[in-house]
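**Q** Structure provided below as structure tokens; questions to follow.
The values are calculated or read from the model by the stated rules, or taken from the named source; none is laboratory data. Here the structure is a predicted model, which means the values were calculated and not measured. Positions of Cβ are generated from backbone atoms using ideal geometry, with glycine treated the same way; all protein chains shown enter the neighbour counts. Accessible surface is based on the protein model in full, side chains and every heavy atom, while ligands, DNA and RNA are left aside. Shrake-Rupley method; radii C 1.70, N 1.55, O 1.52, S 1.80 Å.
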Amino acid sequence: MIETQTTTLLDTRFLNETTASRNAYSQAMQTAHEVIQHHFAGLDKPFSGISPEELTALFRSLEICPEEGVELETVLRQTGERILRHSVAVHHPTCAAHLHCPPLTPALAAETMISAMNQSMDSWDQSPAATILEEKMVRWLCRQFGLESQSDGVFTSGGTQSNLMGLLLARNHFAQTRFDWNIQRKGLPPHAKDWRILCSQAAHFTVKQSAALLGLGEEAVICVETDEQHRLSITDLDRKLAQLRQQKKLPFAIVATVGTTDFGSIDPLPPLVERTHKDQMWLHVDAAFGGALAFSERHRHLVTAIERADSITVDFHKWFYQPISCGAFLLRDEAHFDEIKRNADYLNPAEDEQHGIPHLVTKSIQTTRRFDALKLFVSLQTLGRRGFSHMIDRTMEIAAKAAGMIRDDDKLLAINPHPMLNAVVFRYLPEPDPGECQQSRQNWINRDIRQLLLARGEAVIAQTKVKGDICLKLTLLNPRITLTDIHHILNAVKQIGAQLEK
């Protein structure tokens, strides 16, 4: 009798074939659905405005693991009260701070399947159908970016991991071809202290982070100046390369950015391809933000020559509207994956390859990995290319019009008056005060504008610095945003700015 009761209880705690399990699962999902709809989807502001102190106090009495369990329905409803209603409403049109997208409904449905199946994308026997779909998805993605038939790739957690993989393979390939040195077996050679990576000043911080993790150090990264459009300057790149040669340093990789975080700028890919091929350097393209342009017929020309990169980072939890996390690393020549390949007898034995059994762990620096390809697949199937292209094009149109509204307003200054993608950087311009440093005054007023917008829950916008000046930024990823929403945000910026001036 006790055994039967225990079995029945365990049945309700796991998804399985029993009636008790299916009833418990349905009830749990229904409650979760109600909580999401009530405490999150229906929010009429992008943030509740609760302060860190208030939120800390709200959690103070929370017992993480009670001695006896609490009913799931109670736990979920309390989670809605404490957490969901005080989270950032990424779906709200005035949530426009970061590359933080509202997730597509088809992807949310797929997330349920991903979690329920709990496939592990390292070995075939843990993810058979998932492995085949991911491989098919990767081949398709390679074609979309124009990569050659011997290309390959793997899904990743996002741009940080993909950028690390690009520079990891670049480093290992350079050591092997230039010095006949296998880093995977022998570690870094003594002359690695002279190896250099080049990128623009506006490149993502993960370029330096990757250099540090790879044992080269952040000082191995040479930052190239940017031009008036915040793109890598080819003139300064040539100057830096010449200096490195004179110093007997060894540049082995260039990182190009397609969509910088602040301005959405796109580095000039054709001349970068020319220089990397000429000097036998690796070209890694960080297209975590702007990679979506490859799916837009109207704007695809902006990524001309991306197909000649050695490796590409693309994120789907940005402009592809996928739930976090979901990214991919694409490689022009699949043979380079051999430089990080490992076999474990208990996981991916070498003899399996002779029988055509695929184990994706050989292409990844992760072992256990989610089946994130499924949510992108379901989204692509549901919306089609035209659906994605429409959303991409719409947000770029909105950004261009938002920049125009800022240019036409005497109280605002457009820092990138003609945005390349959908990031718009600007400043509020207070009236001069003879008793205070003008730059200092502008900086604290712009900083406080953003903080007050967040505290009021009126809008979530970003802050950045350009040449020492604090600026405000709109990242217009949400295709539901309208010019009315933009007008509302800019008016709120000016109203708060005027109050702060007084």
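**Q** If you rank K208, K473 by how much accessible surface each has, with a 1.4 Å probe, what is the order from largest down? Mind dumping the intermediate values first?
**A** Working: K208 80, K473 10 Å².
Result, largest first: K208, K473.
**Q** What does the charge count around I415 come to, taking other residues whose C-beta lies under 10 Å from its C-beta (Lys +1, Arg +1, Asp -1, Glu -1)?
**A** Values: positive: R427, K467, K473; negative: D262, D469.
So the surrounding residues net to +1.
**Q** Assign unit charges at the C-beta atoms only (+1 for Lys and Arg, -1 for Asp and Glu), then state the dipole size of segment 27-104 relative to its Cα centre in Debye, rounded to the nearest 20.
**A** Details: 5 positive and 10 negative charges, 80 e Å.
Here segment 27-104 has a charge dipole of around 380 debye.
**Q** If the chain between H33 and H301 were fully stretched, how many nm would it gain, using 0.36 nm times the residue separation less the Cα-Cα distance?
**A** Numbers: separation 268, 0.36 × 268 = 96.48 nm, distance 4.17 nm.
Result: 92.3 nm gained on full extension.
**Q** On a full-extension model of 0.36 nm per residue, what is the gain between T19 and T56, subtracting their alpha-carbon distance, rounded to one decimal in nm? Spell out each step's value before the answer.
**A** Working: separation 37, 0.36 × 37 = 13.32 nm, distance 4.09 nm.
Additional length available on full extension: 9.2 nm.
**Q** Taking a ≥ b ≥ c as the square roots of the eigenvalues of the Cα gyration tensor of segment 51-134, is the shape rounded (a/c under 1.5), prolate (a/b larger than b/c) or oblate?
**A** oblate
**Q** Could you check the simple spin-label distance between E274 and D338, using points 7 Å along Cα→Cβ, in nm with one decimal?
**A** In this crude label model, E274 to D338 measures out at 3.3 nm.
**Q** Label-point separation (nm) for Q439 and E218, each offset 7 Å from Cα along Cα-to-Cβ?
**A** Modelled inter-label distance: 2.3 nm.
**Q** Using only Cα atoms, locate the centre of segment 380-424 and the centre of segment 431-474, then give the distance between them in Å, rounded to an integer.
**A** The distance from the Cα centre of segment 380-424 to that of segment 431-474 comes to 22 Å.
**Q** Report the accessible area of E228, computed with a 1.4 Å probe over the heavy atoms of all protein chains in place, in Å² rounded to the nearest 10.
**A** 150
**Q** As an exercise, use a Förster radius of 35 Å and the Cβ-Cβ distance of E397 and T464 to find the FRET efficiency, rounded to the nearest 0.05. Show your work: numbers first, answer last.
**A** Values: r = 23 Å, r/R0 = 0.66.
Once rounded, the FRET efficiency stands at 0.90.
**Q** Sorted by accessible area (1.4 Å probe), largest first, how do Y321, Y346 line up?
**A** Numbers: Y321 5, Y346 195 Å².
Output order, biggest surface exposure first: Y346, Y321.
**Q** Local charge sum around T105 (other residues, Cβ-Cβ under 15 Å, Lys/Arg +1, Asp/Glu -1)?
**A** On the way: positive: K375, R480; negative: E111.
Here the charged neighbours net out to +1.
**Q** With runs of 4+ DSSP H residues as the only contributors, calculate the mean residue ellipticity of the chain at 222 nm using -39,500 (n - 2.57) per run, divided by the residue total and rounded to the nearest 500. All intermediate terms of the calculation are to be shown ahead of the outcome.
**A** Working: 15 runs with 212 residues, N = 502.
So the helix-based figure for the chain works out to -13500 deg cm²/dmol.
**Q** Now for a separate question. Once you have a ≥ b ≥ c as the square roots of the Cα gyration tensor eigenvalues for the chain, tell me rounded if a/c is under 1.5, and otherwise prolate or oblate according to whether a/b is larger than b/c. Display every interim value, and only then the final one.
**A** Numbers: a/c = 1.83, a/b = 1.02, b/c = 1.78.
Because a/c hits 1.5 or more and a/b fails to exceed b/c, the chain counts as oblate.
**Q** Suppose we take every Cα in segment 18-86 and form the convex hull; what volume per residue is that in Å³?
**A** On the way: hull volume 5.9 nm³, N = 69.
Once divided by residue count, the hull of segment 18-86 is 85 Å³.
**Q** Follow-up question, since we're still on this one. Using a 1.4 angstrom probe on heavy atoms only, work out the carbon and sulfur share of the accessible area of segment 351-502 in %.
**A** Details: 3550 of 6990 Å².
The nonpolar share, carbon plus sulfur, comes to 51 percent.
**Q** Sticking with this one: How big is the accessible area of C437 in square angstrom, nearest 10, if you roll a 1.4 angstrom probe over the protein chains?
**A** For C437, solvent-accessible area is about 80 Å².
**Q** What is the sum of charges, Lys and Arg at +1 and Asp and Glu at -1, for the other residues whose Cβ falls under 12 Å from the Cβ of T226?
**A** Values: positive: R231, K467; negative: E225, D227, E228, D236, D262, D267.
With Lys, Arg at +1 and Asp, Glu at -1, the net is -4.
**Q** Restricting attention to segment 308-359, which GluC sites (Glu not before Pro) occupy a DSSP loop and are surrounded by at most 12 other Cβ atoms within 10 Å?
**A** Numbers: sites: E334, E339, E351, E353; in loops: none.
In loop regions of segment 308-359 (DSSP not H, G, I, E or B), there are no sparsely surrounded GluC sites (Glu not before Pro).
**Q** Percent of accessible area on segment 163-233 owned by carbon and sulfur, 1.4 Å probe? Let's see the in-between values first.
**A** Values: 1550 of 3320 Å².
Using a 1.4 Å probe with all protein chains present, segment 163-233 comes out at 47 percent carbon and sulfur.
**Q** Where does each of 165-171, 152-158 land if you order them by average Cβ count within 10 Å, highest first?
**A** 165-171, 152-158
**Q** Among S151, L141, Q161, flag the residue with its Cα farthest along the positive direction of the charge dipole of segment 128-186, charges on Cβ as +1 for Lys/Arg and -1 for Asp/Glu.
**A** Of the options given, the answer is Q161.
**Q** Moving to a separate point now. Find the accessible area per residue for the chain; the probe is 1.4 Å, ligands and nucleic acids are left out, and the unit is Å². Don't skip to the answer; put the middle values down first.
**A** Numbers: 24340 Å² over 502 residues.
That works out to 48 Å² per residue.
**Q** Ok, one more. What is segment 205-253 by shape, rounded, prolate or oblate, if you read a ≥ b ≥ c off the alpha carbon gyration tensor as root eigenvalues and call it rounded for a/c under 1.5, prolate for a/b larger than b/c, and oblate otherwise? Walk me through the intermediate numbers first.
**A** Details: a/c = 3.28, a/b = 1.23, b/c = 2.68.
Taking the square roots of the gyration eigenvalues as a ≥ b ≥ c, segment 205-253 is oblate.
**Q** Would you check the accessible area of E148, probe 1.4 Å, heavy atoms only, in square angstrom rounded to 10?
**A** 90
**Q** Which entries in K208/K240; K467/K502; K465/K494; K401/K473; K401/K494; K136/K363 show an alpha-carbon gap greater than 22 Å?
**A** Values: K208/K240 17 Å; K467/K502 27 Å; K465/K494 19 Å; K401/K473 15 Å; K401/K494 18 Å; K136/K363 15 Å.
As for pairs spanning more than 22 Å Cα to Cα, those are K467/K502.
**Q** Next up: Take the Cβ-Cβ distance between T8 and A242 as r, set R0 to 56 Å, and report the resulting FRET efficiency rounded to the nearest 0.05.
**A** On the way: r = 75 Å, r/R0 = 1.35.
Plugging the Cβ-Cβ distance into 1/(1 + (r/R0)^6) gives 0.15.
**Q** Report the charge-dipole magnitude of the chain in Debye, nearest 20, computed about the Cα centre from +1 at each Lys and Arg Cβ and -1 at each Asp and Glu Cβ. List each step's numbers first, then the result.
**A** Values: 53 positive and 60 negative charges, 269 e Å.
Here the size comes out at about 1300 debye.
**Q** Given 0.36 nm per residue, what is the gain on full extension from Q176 to E67 after removing their alpha carbon distance, in nm? Numbers along the way, then the final one.
**A** Details: separation 109, 0.36 × 109 = 39.24 nm, distance 5.65 nm.
Difference between extended and current length: 33.6 nm.
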